[in-house]
Amino acid sequence: MKVNLRAKPFDLNDKQIAWVKDTLADMTEEEKLHQLFCLVTYSDDEEYCRYIGEKVRPGGFMSRVMKAEQCVGAVEKMQRYAKIPMLVAANLEAGGNGMASEGTPVCRPMQAAATDDAEFARRLGEVCGAEGSAVGANWSFAPIVDIDYNWRNPITNFRTFGSDPQRVLAMGAAYVGEIQKHGVAACIKHFPGDGCDERDQHVSPSVNSLSCEEWDETYGKVYRNCIEAGAMSVMVGHILQPAYTRHFCPEITDEEMLPASVNYALVTKLLREKLGFNGLIITDSTAMAGLALSMPRDQMVPLTIAAGCDMFLFTKNLEEDLSFMEQGYRDGVFSEERLDEAVTRILALKAALRLPEKQKDGTLIPNAEEAKAKLGRPLYKQWEYECADRSITLVKEEKGIFPITPSRFPRVLFCPLDKNGNNADEKTANGRFMQALKDAGFDVTLFEPQKATEGNLASVNEWVAKYDLIVYSAMVRARYQPVARIEWSSPQGANIPVLCHTIPTVFVSLESPYHLVDVPQVRTYINCYSGSAPVIEKLMEKLMGKSEFVGVSPVDPFCGKWDAKVSFGPKIDFEKRRS
């Protein structure tokens with residue numbers, strides 16, 4: 001057996017090693033094959049949970065976001081019916097709300113990065129570990145240690161710790177070290193590293209285009225450091241890495257290139273052997289087009305295991321994917337030795353998390369009332385506000401515009417931007433921001449695009465006479481689209497900030513930090529990385545001069561564009577305008 005059970009990250013003792021070996025020896029071939037699967041649940045439905053836990057018997061499942069009581073119910077049912085205790089995963093990327101809706105959304109990774117203080121990444125790990133484990137999670141599909149090199153990438157963006165490998169390294173390791181103290185295994189993702197390409201793996205394979213030397217100095221260092229910090233698992237993305245694939249397979253052609261999730265050179269030769277990772281390796285979602293576009297599904301399913309992955313995340317059709325895995329094994333796509341090695345690592349992770357002991361003493365299943373009491377602790381809410389205060393970043397400032405108060409700028413024209421048009425509903429972040437302006441005493445008017453851009457329209461003087469300040473609020477998030485860019489209103493971009501040289505204008509992004517590329521003419525631009533209530537509250541304090549902007553941009557907000565850094569046009573005399 002190639003697995004060193006005594007070594008990092010498992011560090012098993014004699015009793016735990018005996019459990020792994022005895023359990024493996026007692027398993028049927030079908031049980032081993034089913035352990036390779038990590039499924040998903042969206043509810044605590046009794047019939048579904050019993051079917052999965054008792055009949056399918058996968059190695060684990062991922063819980064989508066539910067109420068805490070439902071999370072606990074799903075865990076209780078799955079674990080009660082399971083012969084071997086299950087791994088329970090969740091996307092604990094930004095807080096305990098990645099599993100339980102009542103959990104604390106303490107901060108997004110880029111918010112933590114904008115504080116330039118790894119303590120906030122550690123706090124993120126603590127909240128995710130404490131709240132996740134409270135509702136039954138023992139595995140976090142986080143931290144994201146992708147490096148956000150390409151501002152056009154729609155999926156990395158604010159989910160990353162930014163574009164500086166050293167900052168990503170420090171924050172990723174801080175999260176790993178903390179969350180695993182709470183009995184929740186970290187899963188660093190998405191190997192071999194997203195963020196170089198501009199494509200979303202949900203819709204297409206992406207490419208990490210770095211040379212071997214460049215990769216070693218960036219993504220390689222990040223992964224080595226997180227592995228050294230004890231990360232128990234790695235998630236492999238549907239990402240091609242041509243340089244290292246050719247390094248290990250010099251004769252390979254372009255047509256033979258495969259994404260990492262089905263690529264032996266990247267999973268086994270690079271991650272397992274060169275980087276020395278001894279823990280569990282899982283694919284990213286196999287329902288993604290980024291993998292499905294690579295080959296027929298019946299070939300792809302068993303090839304993930306042959307490549308060196310130990311677990312297969314999700315299915316398109318459960319019964320069919322199970323049959324594809326079983327047929328691939330019978331056809332020799334992967335050997336009995338490879339199967340036993342993969343299952344050994346699955347069992348070893350369960351042993352390292354003390355799941356067998358918890359199954360025996362009854363602590364494997366949380367208590368719903370106790371779980372709810374552990375969510376949203378005052379300290380965690382305090383951290384959420386502290387991170388908001390420390391992360392909001394003033395990227396460009398027109399001299400003299402601050403403080404923005406009702407006495408200086410009483411009449412505000414509010415221009416919300418999102419994928420659904422001019423939306424400032426009170427349930428949206430844009431709506432919260434607009435209401436906060438009203439609550440602070442501003443006379444706020446919601447911008448309504450005119451129905452034409454030429455002809456007999458309102459004059460500039462009419463706009464100047466009506467408004468003292470224009471506030472743009474962007475809440476633009478990509479959803480299986482090429483890039484998170486602003487979609488201006490018809491006709492001909494009727495809500496473009498063409499009056500920014502005449503009426504004082506502030507542009508605030510509540511999501512992507514890269515909107516300045518589309519509005520380089522604005523002179524005051526702020527990145528918030530989130531539109532949560534604490535962020536809006538702290539943003540208002542900074543706009544009104546009650547606190548300072550201290551956030552440090554973790555990426556290049558100018559997107560490499562020289563003109564985005566420039567303040568074009570004549571300067572506005574704020575005092576003269578006021579008088």
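Taken together, the values in this text are just the output of simple stated rules run on the coordinates, not laboratory data. What you are looking at is a predicted structure, and each value in this text was computed from that prediction instead of being measured. We place every Cβ from the backbone using ideal geometry, glycine too, and count neighbours over all the protein chains shown.
List of remarks:
- Net charge dipole size for the range 355-457 [Lys, Arg +1 and Asp, Glu -1 on Cβ; Debye, nearest 20]: 100
- Kirkwood Rh (inverse of mean 1/r, distinct Cα pairs), the range 161-227, angstrom: 12.9
- With 0.36 nm allotted per residue and the present C-alpha distance subtracted, the Asp11-Glu320 stretch has 107.6 nm of extension available.
- Euclidean distance between Cα centres, the range 145-189 to the range 1-50, Å: 27
- As computed over the range 279-319, the Cα convex hull volume per residue (Å³): 71
- Candidate lysines for bridging to Lys189, where Cα separation is under 18 Å - those fewer than 8 sequence places away on the same chain excluded: Lys221, Lys269, Lys274
- With neighbours defined as other Cβ atoms within 10 Å of a residue's Cβ, the residues Ser553, Ser204, Ser335 order from fewest to most as Ser335, Ser204, Ser553.
- Gain in span if fully extended, Gln382 to Ala287, counting 0.36 nm per residue against the direct Cα distance: 30.4 nm
- Neighbour-count ranking [beta-carbon atoms within 10 angstrom, fewest first] of Tyr529, Tyr467: Tyr467, Tyr529
- Taking every DSSP beta bridge that has both ends in the chain, the antiparallel portion is near 10%.
- When each of Lys15/Lys360; Lys67/Lys542; Lys67/Lys358; Lys427/Lys538 is checked by Cα-Cα distance, pairs over 22 Å: Lys67/Lys542; Lys67/Lys358
- The helix-based estimate of mean residue ellipticity at 222 nm for the chain, built from -39,500 (n - 2.57) per DSSP H run of four or more residues and divided by its residue count, is -10500 deg cm²/dmol to the nearest 500.
- Extension gain, Glu397 to Tyr51: 0.36 nm times the residue separation minus the Cα-Cα distance gives 118.7 nm.
- Computed E for Lys561/Glu69 - FRET, C-beta separation, R0 35 angstrom, nearest 0.05: 0.10
- Net charge of Cβ neighbours under 15 Å - reference Gln521; Lys, Arg +1; Asp, Glu -1: +1
- Net charge over other residues, Cβ less than 13 angstrom from the Cβ of Ala68 (K, R count +1; D, E count -1): -4
- Positive-end ranking of Ala452, Val184, Leu266 along the dipole of the chain, with charges on Cβ about the Cα centre, is headed by Ala452.
- Cα-based convex hull, the range 392-578, per residue volume (Å³, whole number): 124
- Summing Cβ point charges (Lys, Arg +1; Asp, Glu -1) relative to the Cα centre of the range 392-578 gives a dipole of roughly 180 debye.
- If you take all other residues with their beta carbon under 13 Å from the beta carbon of His182, and give Lys and Arg +1 and Asp and Glu -1, the sum is +2.
- Annotation: the residues Lys466, Lys269, sorted from fewest to most other C-beta atoms within 10 Å of their own C-beta, follow the order Lys466, Lys269.
- Cβ charges +1 (Lys, Arg) and -1 (Asp, Glu), total dipole of the chain, debye: 1340
- Computed from the Cβ-Cβ distance with R0 of 51 Å, the FRET efficiency linking Gln450 to Lys546 stands at 0.90.
- Hydrodynamic radius of the range 99-212 per Kirkwood, over alpha carbon pairs, in Å: 14.4
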